[in-house]
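The values are calculated or read from the model by the stated rules, or taken from the named source; none is laboratory data. Just so it is clear, the structure is predicted and the values come from calculations on it, not from any experiment. Here the Cβ positions follow ideal geometry from the backbone for every residue, glycine too, while neighbour counts run over all protein chains shown. With ligands, DNA and RNA removed, areas are computed over all heavy atoms of the protein, side chains included. Shrake-Rupley method; radii C 1.70, N 1.55, O 1.52, S 1.80 Å.
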Amino acid sequence: MKLKGDQTTARAMNRRLILNLLRREGPRSRADIATVIGLSPAAVTFVVADLLEEGIVSEGKTVPGLTGRRPIPVDINYEHALAVGFKLMVDSVECVATDLATNPVAAMRVSLDGHDPHKVADLLASTVPELVKLAGRPDAKLAGIGISMPGVINHEQTACVRSYRFKWDNVPLASLVATRVHVPVWLEDDTNAYAIAQQLFGLGRQHRNMAVLAIGVGISCALVIDGKLYRGANGAAGKFGHTLYEENGRLCECGKRGCLMAYHSQISMLRRWREATGHEELGLPELSGALASGDATALALVADSGRALGTALANLVNITDPEVIVAGGEAVSLGDPFLTPLREALAARTFRTAPPLLPDWEDNSWARGAAALVTQKIFDFESSGGITDIASLASVMTAGSSSAA
Ligand SMILES: [Zn+2]
């Protein structure tokens, strides 16, 4: 006798397989889906009927072919709901509303005065109706909110266990926002969220093993292993910037000395360039300009950081063997003077062939990463994620009992 629980699990698994196939490959007929996944046509029809009723998939038009009627394709209805993403930075928040393919439909930036968790939650909650209004989709549903920030996040994706940049210990930010907005809220380390976006709809879409390197204020590296984000035993995997670069060296934000990011994050490169030139006011645009005009000091400094990062990255590659490395963050904009020495050092120190390093030039990938936390729940998890009517957002600022998933 088959237990009800087994049937529910099987159905959830089939649902996940079908949605992920459509996400990766685009529209497919029910017959094609059954063939590719290896399910019975009846099982596919059953799950697709559910998804159609929920509005998560829709049917396309039959294209008349030479050999008569073609089967009706089924595709994910990315317009079905909105996701909201917040990328928390030290002094501002990048805010975005996206469709379920993480395409932005509205974006704004708000400044952050201080890091009191309740005030941060108030600010995020008050921004949601503004974003939805800006998106001009009053009839759309809100699938949830994703928040990304630098730090160690718990496995439930509800609390920040530790953030050096925010000076937070055990802050349940997702729950704080969920009690104000009444939709599911998920929290994630910013590089992990960025990796999820790359995996779902970006440069990592076709890869089951990849490293996602982020070089900005800090340096970190999210790992997707066998198709899953690797978060480690304590959610602290990928803190690549805190690997040792120089014994007893410069002080890092983590309190230890000599970390890689204390020398070679984009911020650290700028600081070293200012020290070398004696000009305190110089920023990233000036550094890019100096590189473009062939300034020897700037070129040498950026090449030095490229080599150091390439060497460190080779250690990571030798341990995890990724198919590709996606590189993002402000430092990527430094271009070839930075990336060529990085690739050369990576190739020189990799045990076998170095994987291709793919720079991500898109500006809005990070906030999309936060929104992708919502989308990921819809594609990869058993439920459709508690979709809520936009109309109910009128009660956004009132306290409630809803909690994050
Ligand atoms: Zn450190």
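Exposed loop sites here are chymotrypsin sites (Phe, Trp or Tyr not before Pro) in DSSP loop states with at most 14 other C-beta atoms within 10 Å. What is the longest stretch of the chain lacking them?
The reported range is 1-350.
How large is the translational diffusion coefficient of the chain in µm² per second when you combine the Kirkwood radius over alpha carbon pairs with Stokes-Einstein at 10 °C and 1.306 mPa s?
Values: Rh = 22.7 Å.
In µm²/s, the coefficient rounds to 70.
State to the nearest 20 debye the size of the charge dipole of the chain about its Cα centre, where the only charges are +1 on K and R beta carbons and -1 on D and E beta carbons. Mind showing how you got there, number by number?
On the way: 39 positive and 43 negative charges, 218 e Å.
Taking the Cα centre of the chain as origin, the dipole is about 1040 debye.
Quick one: angle between helix 296-320 and the longest Cα principal axis of the chain, in degrees between 0 and 90, rounded to 10, please.
Value to nearest ten degrees: 50.
Please compute the length gained on full extension between Ala233 and Ala42, using 0.36 nm multiplied by the number of residues separating them and subtracting their Cα-Cα distance.
Numbers: separation 191, 0.36 × 191 = 68.76 nm, distance 4.02 nm.
So the extension gain works out to 64.7 nm.
For segment 130-186, run through the trypsin sites (Lys or Arg not before Pro) and keep only the ones in DSSP coil with at most 11 other Cβ atoms within 10 Å of their Cβ. Don't jump to the answer; show the numbers that get you there.
Working: sites: Lys133, Lys141, Arg162, Arg165, Lys167, Arg180; in loops: Arg165, Lys167.
Within segment 130-186, the qualifying trypsin sites (Lys or Arg not before Pro) (loop, at most 11 other Cβ atoms within 10 Å) are Lys167.
To test your reading of the geometry: what angle, between 0 and 90 degrees and rounded to tens, separates the Cα axis of helix 41-54 from the longest principal axis of the chain?
Roughly 80 degrees, rounded to the nearest 10.
Rolling a 1.4 angstrom probe over the protein heavy atoms, how many square angstrom per residue are accessible across segment 220-282?
Numbers: 3280 Å² over 63 residues.
Accessible area per residue, segment 220-282: 52 Å².
Any of Lys141/Lys167; Lys61/Lys87; Lys133/Lys377; Lys239/Lys377; Lys61/Lys377; Lys256/Lys377 with alpha carbons more than 31 Å apart? Name them for me. Before the final figure, lay out the partial values.
Working: Lys141/Lys167 35 Å; Lys61/Lys87 38 Å; Lys133/Lys377 24 Å; Lys239/Lys377 24 Å; Lys61/Lys377 28 Å; Lys256/Lys377 36 Å.
Where the Cα-Cα span goes over 31 Å, the pairs concerned are Lys141/Lys167; Lys61/Lys87; Lys256/Lys377.
Restricting attention to segment 308-353, which trypsin sites (Lys or Arg not before Pro) occupy a DSSP loop and are surrounded by at most 15 other Cβ atoms within 10 Å? If you can, show how the numbers build up before the last one.
Working: sites: Arg343, Arg349, Arg352; in loops: Arg352.
Those that pass, being in a loop and sparsely packed, are Arg352.
In nm, to one decimal, how far is the Gln206 label point from the Lys61 one, both placed 7 Å along Cα→Cβ?
2.9
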